[in-house]
Amino acid sequence: MVRRYVDEALKHKHVLIFAAGVATAIVGKKVLESEAVKEATTKGMAAVMSAKRDAEEAFQDMRENAEDIVVDANSEVKKEIYVSEDEEE
């Protein structure tokens, strides 16, 4: 008797696929609304925001160091120009 129902259900695979999709959506909604998922996503977002802030600080440090190198290089060039002008006189 069960075999007959199974055979009849297998004839209508598209209905089974639809029912499975509906069941998946219902279960998925329950999972996404759970406190454990909310807590995990909140912690994940906090970690991403922290990493972003750290990356911005590191970038700013690199930028300041690069600007210092450029200023130092320009001052060395200016010193060489002044020294060579003084030697010519």
In whole Hz, the Karplus estimates of ³J(HN,Hα) for the range 10-25 (6.51, -1.76, 1.60; θ = phi - 60°; x where Gly or Pro) are 5, 5, 10, 4, 5, 5, 5, 5, 4, 4, 5, x, 5, 4, 5, 5
When the charge dipole of the chain is computed with +1 at the Cβ of Lys and Arg and -1 at the Cβ of Asp and Glu, the Cα pointing farthest to the positive end, of 59, 2, 12, is that of 2
For residue 59, the accessible surface traced by a 1.4 Å probe with all protein chains present amounts, in square angstrom to the nearest 10, to 120
The number of Lys pairs in the chain whose alpha carbons lie under 22 Å apart, excluding pairs fewer than 8 residues apart on one chain, is 6
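The values are calculated or read from the model by the stated rules, or taken from the named source; none is laboratory data. Source: prediction; values computed, not measured. Cβ sites come from the backbone with ideal geometry, for glycine too, and all protein chains shown count toward neighbours. Accessible surface is based on the protein model in full, side chains and every heavy atom, while ligands, DNA and RNA are left aside. Shrake-Rupley method; radii C 1.70, N 1.55, O 1.52, S 1.80 Å.
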